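The structure appears right after this line, and notes come after that.
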Amino acid sequence: MSEIVLKGIPAAPGIAHGPSFILDKGEFIVPKRSISSSEIDSEIARFEEAINNSRREIHILKTKISQDMGQAHAQIFDAHLLVLQDTTLLAQVSSGIRDTKSSAEYVFFTVIKKFVEAFAKMPDEYLRERASDVSDISKRVLKHLMDESKLHDLESLQDELIIVAHDLSPSDAVSMYNKKIKGFLTDIGGRTSHTAIIAKSLGVPAVVGLKDATLRINNQDYVIIDGQKGLVIINPTVETKELYLKEQTKITASLEKLDDLKNLPAQTEDGKTVSLLANLELSSEIPAVRKFGAEGIGLYRTEFLYMNRLDLPSEEEQYQAYSQVARAVAPFAVTIRTLDLGGDKFISSVQIPKDMAPFLGCRAIRFCLERPDIFKTQMRAILRASVHGRIQMMYPMISGLGELRQANAILEQVRVALRDEKIPYDQKMKVGIMIEVPAAVMTAEALARETDFFSIGTNDLIQYTLAVDRVNEKTAHLYEPAHPGVLKMIQKTIDAGHNEGIHVALCGEMASDPLLAFLLLGMGIDEFSMSAASILTVKRMIRAVKLQDAQRTAYEAMQLDTGQEVEEFVGAQLRKYLPS
Amino acid sequence: MGKIEKDLVVINKKGLHARPAAIFVGLVEKFGVAVTLTKGSEAVNGKSIMGILMLGAVEGTVLKVCVEGDEAPAAMLEFEKFFNKQEEELVP
């Protein structure tokens, strides 16, 4: 096998190497589990029982369908039943359990997979579709053999793997918080895709926008990820491996050096202190937040509480989750963003109609204003939790004053209700808004007068300003954070906020790039929130520069005409102060 | 014990897919005979729906049908009827 190099977009730094795992959407993940000789008979019995239970279910379904829709529609279930009594299939599974001493679900899964693959290759379209019939049946059986919640759960993977996927959805993220994952490779996505966010918060490298990585890489291929250069090396030669091992040692050493900065303030040489905070998806990330010395949470993405489940999280459950984070982060503050669904984030418990242009559709605050029941439950939970630490709340995707007033009116109702019920909450809890929509930037003065703080969400602001879909790989190259149009949006927001005397924070991937962070510092951002793993690198930059140099650089950069010129100029300035 | 062999052609437009295959397996079981279906070099058990589906028998495929057992002649008659019908005409 010869070495193959693929080039993509670097999304999270670092180097990783190991076997790959192709994550197929919708496919069940069935881990290999060995059994002892004495367990063989009971394992076969367990398999037979699962088959019987599945047959029983299909019988019930068949009766119901034939009553409701007529016998013709129920006929397909005869085929399903026959599959489950197919002697060839059953014999293969039983002997497989015996011969390989593996669990029933694993053997069944492997046998079925062979059939499904054979069907999928058939030249006749109609027969090819039988593959889906068979996987349907196999899912039914697997549900009887395994804990259902584990069926899509990456936790059950045993080896340390490099995940290869077409794309990772935000809901995949929950199962990704797993130390066993060494890195991520995806076909689509850009620097701010969720894959990048997940990888950075796990501190593992990622390369995205590889176009056809899922086709070029086979399961269990040995791969190296170079997260700096955005390279993937499949089946590397011994020389390449050695080269990267050396590189990895160097990176580890420089990370250890960064660790010395952990307890030092993020203060410029001329005495300006900046707050560096972490973005948070799940409370399980809190140890990482502490490890990198974050001064609080600047963006707590609450969507993840709602994902990968069939019901909505209750007020009590949310209250517990928010309180836990608030206590863990104290004395620092945590800024909770209210539910930001839609766009590319969906949940099972609520049907959100698929919009033609989901990022322009009924998402985030728009969705919450349509569903005050869901919104109020979350607000109650946040307010109740606010007595357990320093909590701030912010609304995502505000596009104008009307929405802000509507949201605040609902908040007031919730406050009144809590007062009536004599439930304590922090009456001075700050409520801010995210600035992500160009219209919000253009009306920022008015917004600033009615809110406690701004937090610029650059990922979306860039997308909306440049009219570039950040999930679409074909437009990924147009996604330019340093585009003068974007910088002017950010500057206008900062100035409007400061004129009205409110804080302007920035959360988004832009904050984690030292070059851009240098520029933003000069533009006047008060607070940066980023993936925890990037904090120390940014702190190193801040401690090496003077605010007045950053301000001068920003001023001059704002006079330039293209994003490329800006990056080159700022990069050259920064290199004077920060030897790499 | 008799053994009969015949070449039969799949005329069903959608081929021998799940539903007709299920009906065929039902017939095999009804007669209690042993059936082997052969397409080229591939031979499968007539009681195995997965086996039959794996043949990928589309419209026009010639299958060698080999029936063994006491009821073999009667069974073969039914099989011929089965193969000569479109799916909609089949009653399970």
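Bear in mind these aren't lab numbers, they're just calculated from the coordinates by the rules spelled out. All figures in this text were calculated on a predicted structure; none of them were measured in a lab. Neighbour counts are summed over all protein chains in view; Cβ atoms, including those assigned to glycine, are modelled from backbone coordinates with ideal geometry.
Rounding to the nearest 10 and keeping the result within 0 to 90°, find how far the Cα-based axis of helix B:18-31 lies from the longest principal axis of chain B.
10 degrees
Residues of region A:475-493 with the amide nitrogen closer than 17 Å to a label point 7 Å from the Cα of A:D561, along Cα-to-Cβ, please.
Label zone hits: A:483-486.
Excluding residues on the same chain fewer than 8 positions from A:K211, give the aspartates and glutamates whose Cα lies under 13 Å from its Cα.
The reachable aspartates and glutamates, counting only those whose Cα sits under 13 Å from A:K211, are A:D167, A:D187, A:E473.
So which residue, out of B:L55, B:L37, B:L77, gets the largest mean-square fluctuation from a GNM of chain B using Cα contacts under 10 Å as springs?
B:L77
What pairs from A:K7/A:K474; A:K246/A:K272; A:K291/A:K474 go past 26 Å between their alpha carbons?
On the way: A:K7/A:K474 15 Å; A:K246/A:K272 38 Å; A:K291/A:K474 37 Å.
The answer is A:K246/A:K272; A:K291/A:K474.
log₁₀ I(q)/I(0) of chain A at q = 0.10, 0.11, 0.12 Å⁻¹, via Debye over equal Cα point scatterers, no solvent, to two decimals?
Calculated log10 I(q)/I(0) at the listed q: -0.94, -1.09, -1.23.
DSSP loop (so not H, G, I, E, B), at most 15 other Cβ within 10 Å: list which GluC sites (Glu not before Pro) in region A:17-104 pass both filters.
Numbers: sites: A:E27, A:E39, A:E43, A:E48, A:E49, A:E57; in loops: A:E27.
In loop regions of region A:17-104 (DSSP not H, G, I, E or B), the sparsely surrounded GluC sites (Glu not before Pro) are A:E27.
Enumerate the lysines that A:K143 could reach by cross-link, defined here as Cα to Cα under 18 Å, with residues fewer than 8 away along the same chain left out.
A:K25, A:K32, A:K113
Taking region B:9-92, how much of its Cα-Cα pair set, in percent, is spaced more than 20 angstrom apart? Don't skip to the end; give the middle numbers.
Values: 765 of 3486 pairs.
That fraction is 22 percent.
Among B:K3/B:K30; A:K182/A:K262; B:K3/B:K39; B:K14/B:K64; A:K488/A:K576; B:K3/B:K64, which pairs are too far apart, with a Cα-Cα distance over 21 Å? Please list the in-between numbers first.
Numbers: B:K3/B:K30 17 Å; A:K182/A:K262 24 Å; B:K3/B:K39 18 Å; B:K14/B:K64 19 Å; A:K488/A:K576 25 Å; B:K3/B:K64 13 Å.
Table pairs above 21 Å Cα-Cα are A:K182/A:K262; A:K488/A:K576.
Run through every distinct alpha carbon pair of region A:266-546 and return the Kirkwood hydrodynamic radius in angstroms, one decimal place. All intermediate terms of the calculation are to be shown ahead of the outcome.
On the way: mean 1/r = 0.0524 Å⁻¹.
Evaluated over region A:266-546, this radius sits at 19.1 Å.
In degrees, nearest 10, range 0 to 90: what is the angle between the Cα axis of helix A:71-83 and the longest Cα principal axis of chain A?
The answer is roughly 80 degrees.
Within the set of other residues whose C-beta is less than 10 Å from the C-beta of B:K6, count the net charge using Lys and Arg as +1 and Asp and Glu as -1.
The answer is -2.
Quick one: if you take sqrt(5λ) for each eigenvalue of the C-alpha gyration tensor of region A:6-97, what semi-axes come out, biggest first, whole angstrom? Spell out each step's value before the answer.
On the way: eigenvalues 289, 124, 23 Å².
Sorted largest first and rounded, they come to 38, 25, 11 Å.
Evaluate the relative contact order of chain A (contact order divided by residue number), counting alpha-carbon pairs under 8 angstrom at least 6 apart; express in whole percent.
Numbers: 1076 pairs, mean separation 84.0, N = 580.
About 14 percent, as a whole number.
What aspartates and glutamates sit close enough to A:K180 to cross-link, taking a C-alpha to C-alpha distance under 16 Å and skipping anything fewer than 8 places away on the same chain?
Within the straight-line limit of under 16 Å, A:K180 reaches these aspartates and glutamates: A:D153, A:E155, A:D159, A:E160, A:D172, A:E285.
To the nearest 10 degrees, how steeply does helix A:40-69 sit against the main Cα axis of chain A, on a 0 to 90 scale?
Approximately 80 degrees, to the nearest ten.
With the contact rule set at Cα under 8 Å and sequence spacing of 6 or more, what percent relative contact order holds for region A:462-580?
Result for region A:462-580 is 26 percent.
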